[in-house]
Every structure is written in C-alpha cells, then in structure tokens.
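Laboratory data are not the source of any read-out in this text; all were calculated from the coordinates shown. Keep in mind that this is a model prediction, so the values were computed, not measured. When we count neighbours, we look across all protein chains shown, and the Cβ atoms used for this are built from the backbone with ideal geometry, even at glycine.
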Amino acid sequence: MPGPYLISTSILSADFTRLGEQIGEAEAAGADWIHVDVMDGHFVPNLTMGPFIVEACRSVTSLPLDVHLMVEEPDRLLGAFAKAGASQLSVQVEACPNLHHTLQQVHQLGCRAGAVLNPGTPAVMVEPVLHLVDLVLVMSVNPGASGQVFLPEVLPKVKEVRRMLDKVNPRALVEIDGGITPENLSAVIEAGVQVIVTASAVFKNPAGIAAGIRALRASMPGGG
Ligand code: DX5
Ligand code: ZN
C-alpha cells in the first residue's frame with residue numbers, strides 16, 4: 001500500500017504542564033493523529049492516562065485521537081474512552097480473551113477498532129478478526145514506556161500482517177509503535193507500515209516538535 005503515510009504523535013513524551021500547547025504545535029507541524037497511551041499498572045507496570053486526558057485532548061484538537069489501551073480487561077473501559085472523545089480504540093490482543101466481541105463493541109461505540117500485537121505475539125493471533133479491524137498495531141518495543149530501542153525482529157511480522165490484510169481487508173492500516181526514528185523509518189515503511197507512532201522523536205527532539213515531524217517526513221519515500 002503506497003503513501004501518504006500518517007504520523008500519530010504519542011503525548012506520552014509531551015510536557016504535561018503545557019499539553020494543550022504541545023498538541024497545538026504538533027498539529028500545526030502536520031501531525032495526522034494524536035496517540036494516547038493508556039497504561040493501567042497491571043498489563044504493564046506503568047500507570048498513565050485515563051478518559052479525563054482524552055477529554056482534555058478532544059477539547060484542544062480536531063485531529064483523530066488514537067487511543068492505545070495497554071490495560072487488562074479493556075472491555076470495561078471502552079465506553080468511557082469513547083464518551084471522552086476517542087476516535088479509535090486499539091486493544092492488546094494478549095488482554096482480550098473475547099477479541100472478536102471486543103472489536104465489535106468498539107465499532108458499536110462509534111470508534112474505529114485496532115488490534116495490537118506485542119513483540120512476542122505472533123501475527124496469527126489477529127488472523128480470525130482481520131475483517132473487523134480498521135488497523136493492526138505492531139509493537140516494535142515491549143509496551144510500557146517511551147524512549148526504548150526499536151526491535152528490528154518485528155519487521156517480518158509487519159510484512160505478514162500487511163499481506164494477510166491485503167487479502168481480506170485491504171483498507172485496514174498497519175501501524176507501528178516504539179523506537180521509531182528517521183533512521184529506521186524507511187525500513188518500517190518498506191515492510192508495509194502506513195501509520196507511524198512516535199513519542200520521543202517528536203516531543204523530545206532537541207530542535208523542537210516541528211523539527212521532529214519534519215525530520216520524520218523527510219525520511220519517508222517521496223517526503224511522506
Ligand atoms: C510504548 C507506547 C508508545 C511509546 C512510543 O509502550 O505504546 O506509544 O509512547 O514512544 P517512543 O516513540 O519514544 O518509542
Ligand atoms: Zn502506544
């Protein structure tokens with residue numbers, strides 16, 4: 001699937017004392033989606049944001065809010081995040097014994113549905129639900145924190161997921177999350193990714209948010 005490629009900027013690395021401003025800066029610089037990393041202290045050790053933050057983001061931007069639920073029993077929280085203004089809800093397949101039903105629930109709530117695969121989880125886990133997803137998110141770090149190093153061993157899985165989607169649901173997107181930099185961007189795009197999630201490369205870029213987004217676009221085939 002050719003570009004345009006989308007950038008989903010993860011606010012996990014934003015300065016939360018100035019969250020609205022930082023989201024505004026990312027939007028002005030051409031971010032496509034705002035990625036919200038929800039961690040519950042159980043599925044991953046870290047504890048981060050709830051529906052209240054999604055609601056705050058919704059009030060400052062019209063960009064799609066790409067909510068990544070790194071939580072156990074996500075079904076219990078879907079309604080609250082949808083109500084808060086999430087545009088899409090992505091659930092970790094490892095946390096969903098009834099994945100098919102969970103994805104249906106997301107659609108019933110009016111959101112786009114994503115299924116997320118950890119680095120240790122094979123592509124076959126999403127095969128039975130590919131017709132139900134709007135995106136498959138392949139984790140390129142173990143979830144839990146921003147600023148980790150990209151794991152290149154997930155690239156064959158990206159290719160496999162893209163190939164499987166092309167057969168049954170070609171409009172669905174493949175998203176990648178973790179350790180993305182201008183240096184590894186062409187390899188992930190070549191493997192079949194359409195959406196790049198990035199926290200540090202944008203919000204921790206020493207030259208600023210706009211420079212971070214510019215550097216990523218410049219590394220995409222045809223400049224994005
Ligand atoms: C990791 C999160 C990512 C993270 C990405 O658990 O799901 O979205 O914020 O951060 P970087 O881009 O710094 O690896
Ligand atoms: Zn994420």
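Can you give the FRET efficiency for F16 and L151, using 1/(1 + (r/R0)^6), R0 = 35 Å, r = Cβ-Cβ distance, to the nearest 0.05? My answer for the efficiency is 0.80. For the range 61-193, the fraction of alpha-carbon pairs lying more than 25 Å apart is 21 percent, rounded to a whole number. For the range 29-139, list log₁₀ I(q)/I(0) at each q in 0.12, 0.16, 0.20 Å⁻¹, using the Debye formula over Cα point scatterers of equal strength and ignoring solvent, two decimals each. Scattering profile of the range 29-139, log10 relative to I(0): -0.37, -0.66, -1.04. Computed 3J(HN,Hα) for the range 180-197, one whole-Hz value per residue from the Karplus formula 6.51 cos²θ - 1.76 cosθ + 1.60 where θ = phi - 60°, is 6, 9, x, 6, 9, 4, 5, 5, 6, 5, 4, 6, x, 7, 10, 10, 9, 9, glycine and proline marked x. Around the amide H of N46, modelled in the peptide plane, lie the amide H atoms of G41, all under 5 Å away and 5 or more residues distant in sequence or on another chain. Extension gain for K167 to A211 (0.36 nm times residue separation, less C-alpha to C-alpha distance): 12.1 nm. Among A201, A26, A56, the largest mean-square fluctuation in a Gaussian network model of the chain (Cα springs under 10 Å) belongs to A56. Amide hydrogen proximity for V116: with H placed 1.01 Å from N in the peptide plane, the residues at 5 or more positions away or on another chain lying under 5 Å are V91, Q92, V93, L137.
When Rg and Dmax are taken over the Cα atoms of the range 96-138, they come to 10.0, 30 Å. Pairs of alpha carbons in the range 137-214 separated by more than 19 Å make up 36% of all such pairs.
Across the range 45-58, computed HN-Hα scalar couplings (Karplus, 6.51 cos²θ - 1.76 cosθ + 1.60, θ = phi - 60°) run x, 6, 10, 10, 10, x, x, 4, 6, 4, 4, 5, 4, 4 Hz from first to last residue, x flagging Gly and Pro. Its alpha carbons considered, the chain gives a radius of gyration followed by a Dmax of 15.9, 45 Å.
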